[in-house]
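Working notes, structure below.
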Amino acid sequence: MIRIGIVEDDPTARDVLVGHLRRYAAERRLEVDLRTFADGAQLIDGYRADYDILLLDIEMPEVGGLEAAHHIRETDPDVIIVFVTNMAQYAIKGYEVDALSFLLKPVHYFSLEHELDRSIGRLRTRDDQTLVVNVAGALTRIDLADIVYLESIRHRIIVHTRGSELSFTGTLKVLEAELDGKGFYRCNNPYLVNLRHVRSVQPTTCTMTGGVELQVSRPRKRGFMDALADHMGGSRQ
Amino acid sequence: MTDAIADIPRWVTAFAEWSACLVYVAVMRKRVRGMPLAATIVAGFVLLWGIQEFAGTLPIGLWTFGMLLAVGAMLLFLWLTTDVKLREAGDLTARAFVLAEFSASFAWQLHYFFRGSNDTGEVGVVLLVFVVGCLFAIAYLIERRQFPRDIVLAVDNKALASALGIATATFLVSNLSFITTNTPFSGRVGPELLYIRTLVDLCGFVVLYAQRAQRLELYRAVELQSMNTLLHTQHEQYLASRAATEEVNRRHHDLKQYVQALRAETDEGARGELADQLEHEIRGLSGVPLDTGNTVVDTMLTSKTSQAASQGITITAVVDGSVVEFMDVIDIVTVFGNALDNAIEATRKVPEADKRLIRVAVYREGSFAMLRFENWFGGSIALVDGLPQTTKDEAHHHGYGLKNIRQAAYKYDGTMTVRLEDGWFVLRVLLPIPGA
């Protein structure tokens, strides 16, 4: 079930969006819970963080889309915000509320379809991303988002998470294959780093969340930077 | 043929031809991989050896035919294993052939000198294989630099003819002594014959190497020039549109003053209405100016957006211009200009009007600046070394633009990636923000 909110003061434009969304849900066989609002004020009044995606018109009489988005971000950092506007200039500052793309009116089905595909892809990669490992005979589940990096010392693997360490028997090669496509990169022989925890990059090292500095081997530097670019640039591959 | 020295054993020639082909298989991009590649390589050896043994049974009159057969087999082998066009395969065959002739001759010469007989024996076999193997390892190291993966050096008829000519001449001269001793260029004594052949073959290989090196040099010079021209054009365009924007802003300001003066001077309702209309029109003309937080980015986006709009292409941009504040003007112009020009060029050809879309996102992620340019593309293109393959003239142009972007990214210790994702062409530039 995907919960989508549409905020649009112009009834005609609202109907177009609703129509597109119904078509999208039917084509993708998705269950969609659709709620509509005629102004940003209606949305933020008593807003509860239970939406997955919000389609926000930017120009509305009382509370515009950008203002509403700023309000919402104070309590809801997760909801995906997609602006709808007829002036491209109005959306240029969408990055302030983590809305990195927008739809231009009149909204064509094709562009909405692509935007929704991408948003739903982002929703899906968010949940159920875990790694199950065998720590001293007990199966332990670790959230991928918590892993800063994995380290291999002789035949043991040390999982460095935020604040703790776990260790078990295994090889990085197996883990590397298991975590393929999930935002991890082998920046050096003993390290498999979580790209979302890379804070900065220096000529031969990278600094991770928590301030640990890891060596990046010369032959892997280029590939590491490319993987980082794809990861940060929102690639789902 | 002299009686004193038997000719090189057939299997040595076959082995040399096969290994020479392998050198070029190793340096080139492969057509197939894994098991099919291994199978083709094994089959290639069997075929070459078979042809050599078969040629050995032919009468001397059909000697040329035997050689042509071997060359044909090498061509086939190279064409099946490497990802090249037929002409390039021909060029590679010429190289591989001369290299094979040289190494077979050299190895046999050494063998003759040290073993002193024509009898190969087990030690002889090991020696021959070892010598040929060493030569090919060296040849690989030398040739690898001549065949950079990111450059597809097209072989035209002229280049092919010259390579084939060099190979043929080398082959004929090197074998002259074996056909007749009665020319000014023939050796008359046994070992001397081998030595002449080895030397001539070596010369042939060096000439082919020099020919390739020169063509590569020329290609790079042309490329550099084109990149510089493109860079220059982008900058010129930027200066022109900045001047135009300033001009519009200035006039806008002037007209506003004029409207205000007009209003102040008279109270007549009609005049006021006229002034309102005038102001309204001005507003319509200039629109709401873009404000990303960086004037260079503003100018680039404004000019490219209107350029795209005139071709029915929609650009939607979410841009925090302040994150690229650390970049030099010329680099911002290079990245935005080339990325958007490429996207416009590619999107222009999309038949459905509602799919002519370009999306730009520039934002800060931790201590990095992320610049992303996407355009709907619908098709697929081959990527060579992370860039679209550059063979056609138009694609060439595209290639230089991307190379310029990559240069700019490298300058700031960043990187650039090009991906094709569900019909979208996605260009990402990641730059560490200095001092962040």
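The values are calculated or read from the model by the stated rules, or taken from the named source; none is laboratory data. Here the structure is a predicted model, which means the values were calculated and not measured. Here the Cβ positions follow ideal geometry from the backbone for every residue, glycine too, while neighbour counts run over all protein chains shown. Side chains are part of the model used for accessible areas, which takes the heavy atoms of the whole protein and leaves out ligands, DNA and RNA. Shrake-Rupley method; radii C 1.70, N 1.55, O 1.52, S 1.80 Å.
Couple of notes before you dig in:
- For chain A, with +1 on Lys and Arg beta carbons and -1 on Asp and Glu, the positive-most of A:F184, A:L17, A:Q129 along the dipole: A:F184
- For region B:292-436, pairs of C-alpha atoms spaced more than 21 angstrom apart make up 40 percent of the total.
- Inter-part distance where region A:133-150 and region B:1-80 are each reduced to a Cα centre, Å: 55
- Relative contact order (percent, whole number), region B:89-172, Cα cutoff 8 Å, 6+ residue spacing: 59
- Comparing Cα centroids, region A:189-237 and region A:1-23 end up 40 angstrom apart.
- Taking Cα atoms only, the orientation of helix B:63-81 departs from the longest principal axis of chain B by about 30 degrees.
- When GluC sites (Glu not before Pro) are flagged only if DSSP places them in a loop and at most 15 other Cβ atoms lie within 10 Å, the longest unflagged stretch of chain B comes out as B:1-267.
- The calculated 222 nm mean residue ellipticity attributable to helices in chain B amounts to -23500 deg cm²/dmol, summing -39500 (n - 2.57) over DSSP H runs of n ≥ 4 and dividing by all residues.
- Taking the charge dipole of chain B about its Cα centre, with +1 at Lys and Arg Cβ atoms and -1 at Asp and Glu Cβ atoms, the residue from B:L371, B:L160, B:A43 reaching farthest to the positive side is B:A43.
- Within a Gaussian network of chain A (alpha carbon springs, distance under 10 Å), most fluctuating of A:D117, A:D45, A:D33: A:D45
- The angle between the Cα long axis of helix B:393-411 and the main principal axis of chain B comes to about 80°, on a 0 to 90 degree scale.
- For region A:70-160: relative contact order, % (alpha-carbon pairs under 8 angstrom, 6 or more apart): 15
- Spin-label pair B:K85-B:L199: with each label point 7 Å from Cα along the Cα-Cβ axis, the two points sit 4.0 nm from one another.
- Placing +1 on the Cβ of every Lys and Arg and -1 on the Cβ of every Asp and Glu, with nothing else charged, gives region A:55-141 a dipole about its Cα centre of roughly 380 debye.
- Whole-angstrom gap from region B:411-426 to region B:192-219, using each part's C-alpha centre: 40
- Pairs beyond 31 Å (Cα-Cα), from B:K355/B:K411; B:K158/B:K403; A:K173/B:K355: B:K355/B:K411; A:K173/B:K355
- Nearest-20 debye value, region A:164-237 charge dipole, Cβ charges on Lys, Arg, Asp, Glu: 220
- Solvent-accessible area buried by B and A, counting both chains, probe 1.4 angstrom, square angstrom: 3200
- Förster radius 45 Å - calculated FRET efficiency between B:E246 and A:D143, Cβ distance, rounded to 0.05: 0.25
- Seen from all directions on average, region A:175-223 presents a Cα convex hull projection of 3.4 nm².
- Folded to 0 to 90 degrees: helix B:86-115 orientation relative to chain B principal axis, Cα: 40
- The alpha-carbon positions of chain A define a convex hull whose volume is 154 Å³ per residue.
- Shape analysis of region A:114-237 yields a ratio of the Cα radius of gyration to the Kirkwood radius, Rg/Rh, of 0.97.
- Per-pair calculated FRET efficiency, R0 = 56 Å: A:E213 and B:D156 via Cβ, rounded to 0.05: 0.60
- Dimensions (Å) - region B:202-277, Cα atoms, principal axes, largest first: 98, 15, 6
- For chain A, the antiparallel share of DSSP beta bridges with both residues in that region comes to about 60%.
- Once you divide the Cα radius of gyration of region A:34-144 by 2.2 N^0.38 Å, the number left is 1.33.
- Two-decimal ratio, region B:292-364, of alpha-carbon radius of gyration to 2.2 N^0.38 Å: 1.10
- Chain A, relative contact order [Cα under 8 Å, separation at least 6], %: 11
- Kirkwood Rh in Å, taken over region B:52-93 so that all alpha-carbon pairs contribute: 11.0
- Taking A:R196, A:R156, A:R186 in turn, the Gaussian network model of chain A (Cα-Cα springs below 10 Å) assigns the largest fluctuation to A:R156.
- Among beta bridges that DSSP assigns inside the protein assembly as shown, antiparallel share in %, nearest 5: 70
- Computed about the Cα centre, the dipole magnitude for the protein assembly as shown is approximately 2720 debye when only Lys and Arg (+1) and Asp and Glu (-1) carry charge, each at its Cβ.
- Ratio Rg/Rh, restricted to region A:2-55 and using Cα atoms, in which Rh is the Kirkwood radius: 0.98
- Chain B - Debye-derived log10 I(q)/I(0), Cα point model, q = 0.07, 0.08, 0.11, 0.12 Å⁻¹: -0.54, -0.64, -0.91, -0.99
- Number of partner chain Cβ atoms within 10 Å, mean per residue of A:221-231: 6
- Taking label points 7 Å from Cα along the Cα-to-Cβ direction, B:S322 and A:T169 give a separation of 5.5 nm.
- Sites matching trypsin sites (Lys or Arg not before Pro) across region A:44-100 that sit in DSSP coil, with at most 10 neighbouring C-beta atoms within 10 Å: A:R48
- Beta bridges assigned by DSSP with both partners in region B:280-379 are antiparallel in approximately 55 percent of cases.
- Cα-based Rg / Dmax (Å) for the protein assembly as shown: 33.6, 121
- With the charge dipole of region A:37-173 set up from +1 on Lys and Arg Cβ and -1 on Asp and Glu Cβ about the Cα centre, the Cα lying farthest toward the positive end among the listed residues A:G94, A:Y149, A:I58 is that of A:Y149.
- Between B:T347, B:T57, B:T314, the residue with the greatest mean-square fluctuation in the GNM of chain B (Cα pairs under 10 Å linked by springs) is B:T57.
- At 0.692 mPa s and 37 °C, Stokes D of region B:6-87 from Kirkwood alpha-carbon radius, µm² per second: 249
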